[in-house]
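**Q** Below you'll find the structure I mean.
Please treat every number below as a calculation from the coordinates, not as lab data. The model shown is predicted, which means the values in this text are computed figures rather than measured ones. Note that we place each Cβ from the backbone using ideal geometry, even for glycine, and neighbour counts take in every protein chain shown.
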Amino acid sequence: MGNGILAAMARGGFERVLALQDRRSGLRGYLAIHDTSVGPALGGVRRWAYRSEDQALRDCTRLARAMTLKCCLAGLDAGGAKTVLLDHPDVRWEEAYPYLGRVVEDLGGAVSCGPDVGTGERELGWLASETRHVTRPGARGPGRLSAATAEGVFRGMQAALEHLDGEADWERRRVVIQGLGAVGRRLAEQLLRAGARVAGCDLDPRRAEAVAEELGLELLDPARELGEACDVFAPCALGGILHDLSIPRLKARIVAGSANNPLARGDHADALHARGVLLVPDFVISAGALVRGARFHLDGRREPIGLIGERIGETVRGVLERAAAEGCPPQRTAEREAERLLEERRSGDLPARTLSRT
Ligand code: NAD
C-alpha cells in the first residue's frame, strides 16, 4: 500500500488531512479529520515544539483517530479531528490562530476546535474571532471541562476496584497520581474526600508543593512514582509513559488516569495484561471533557458532571467485564468495540449533523 500519507490515511480510515501554511504569521501545521459520518469532527488544537514534521503528522492523525473512538464509546453523534501547530519563536500567534479560524470556518461546520496543550482561553479567543466552530471552556462555553474529566476518572477507578475486589473500599486504598495539573489536582481532591491515601508528583516543583500544601497529600519525587506500591497508578501528565523500561517497574494493580495514549506502543497493553496489571483504556475513562463539550455544542446544554461520571463508570464496568470474559486486555476489547461501532456508523445512512453555535 506504500508508506506515504495517502496510504496512512487509507489504513486509519481518514477523510481528510490538511497541511497548513500561512506566509504572513509563519504558522505551519496539520489538521486531520478522521470521521464525520454521524456528526461534526471534534478535536483540540495542540501547539507543541515537535522534533520533525513527521512527528507532528503522526501525533495529529493518532489523536484524531483516538477522538473518533472516544466519541463512539461515549455514544456521541460526533467524530474525531485534531489540529497540531508547530511551535516556533518566529510565529506570530495572534495572527496564526485567526488564520486557523478561517480554515475551520471554510470547512462549514465539519470540524469544531477546542483546547489542548498550548491552546488555552487566549488562543481560543483568537480562533473565535474568525469561526463559530470552537469550544471555549470558560463562562461562554460548557465550563468545568477538567472537572468532568476528573469525575470520569474517579468513577472509572471505582469501577475497576469493584471489578477486582467487589468493592471500592476507598479507606484501604493508596493511589499514586503522576501530574498534579488541572485534572490530577481535582482527582486528588476527590480521592481524599472519598477517604483514600493519595500520593502524587509533578515535574513543576512549585505546582507540586502548592497542591501538596493545599490538599495535604504525600509528595513524591518525580520518577519515583512508577515504582511505588499502590492500588491504582493514575497517569495524569503526558502520554507514552508505559513502555519496555517502565512497565517492569510498576507496582500498581490498576492503571487508570486521564493522560491520552499512555502506552508507548499498542502491544504494551498485552505486556501489562501479562503482568496482571489492569489497564483501564484511556479513551474510555478520560471522555468527561469531550462529553461535556460535545453536549454543549450539539444540544446546547451543560450536562451535569455527576451524570457524566456515572455513565463513564458504567462504560468502564462493561468493558472490564467483557474483557475478563474474553480473557484479553481491556484496551483490546475497547478498541474492538469502538471499531465495531464506527463500522456500524459508516455503513448506516445517517444524516451528518453540523455544528451550530448556541
Ligand atoms: P495540565 O497541563 O494542567 O497538567 C499536567 C501536569 O503534568 C503539569 O503540571 C505538568 O508539570 C505535569 N507533568 C508533565 N510531565 C510529568 C511527569 N513526567 N511527571 C510528573 N508530572 C508531569 O494537563 P491536564 O489538563 O491536567 O491534563 C492531563 C492529561 O490528561 C493530559 O495528557 C491531557 O491530554 C489529558 N486529558 C485532559 C483532559 C482535560 O479535561 N483537561 C481531558 C482528556 C485528557
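**Q** With the dipole of the chain worked out from charges on the C-beta (+1 for Lys and Arg, -1 for Asp and Glu) around the Cα centre, which of 315, 227, 300 lies farthest toward the positive end?
**A** 300
**Q** How long is the gain from residue 275 to residue 62 if the chain were fully straight, where each residue apart is worth 0.36 nm and the alpha carbon distance is subtracted?
**A** 74.0 nm
**Q** Using a 10 Å cut-off on Cβ atoms, rank the peptides 103-111, 33-41 from the highest mean neighbour count down.
**A** 33-41, 103-111
**Q** Which three lengths, in whole Å and largest first, does the chain cover when its Cα atoms are put on their principal axes?
**A** 56, 47, 42
**Q** Around residue 59, what is the net charge, scoring Lys/Arg as +1 and Asp/Glu as -1 over all other residues with Cβ under 13 Å from its Cβ?
**A** Working: positive: 46, 47, 51, 58, 62, 65, 82; negative: 53, 54, 87, 116.
Residues close to residue 59 contribute a combined charge of +3.
**Q** Sorted from fewest to most neighbouring beta carbons within 10 Å, what does the list 135, 149 look like? Mind showing how you got there, number by number?
**A** On the way: 135 25, 149 29.
Neighbour counts put them in this order, fewest first: 135, 149.
**Q** Quote the convex hull volume per residue of the range 214-358, based on C-alpha atoms, as a whole number of Å³.
**A** Dividing the Cα hull volume of the range 214-358 by its residue count gives 152 Å³.
**Q** I need 67, 157, 9 ordered by Cβ neighbour count within 10 Å, fewest first.
**A** 9, 67, 157
**Q** Taking the Cα centre of the range 5-128 as the origin and placing charges on Cβ (Lys, Arg +1; Asp, Glu -1), which of 20, 7, 91 is farthest toward the positive end of the dipole?
**A** 7
**Q** Hey, fewest Cβ within 10 Å first, where do 213, 95 land in order?
**A** Arranged by neighbour count, lowest to highest, 213, 95 become 213, 95.
**Q** Taking the simple approach of a point 7 Å from Cα along Cα-to-Cβ for both residue 51 and residue 165, what is their distance in nm?
**A** For residue 51 paired with residue 165, the spin-label model returns 4.0 nm.
**Q** Suppose a student asked you for the relative contact order of the range 266-336, using Cα pairs under 8 Å spaced at least 6 residues apart; what percent would you report?
**A** Relative contact order, the range 266-336: 38 percent.
**Q** Let me ask something additional. Of the beta bridges DSSP finds with both residues in the range 5-128, what % are antiparallel, to the nearest 5?
**A** Taking every DSSP beta bridge with both residues in the range 5-128, the antiparallel ones total about 55 percent.
**Q** Once you put a point 7 Å from the Cα of residue 23 and another 7 Å from the Cα of residue 121, both along the Cβ direction, what distance in nm separates them?
**A** Calculated label separation equals 3.7 nm.
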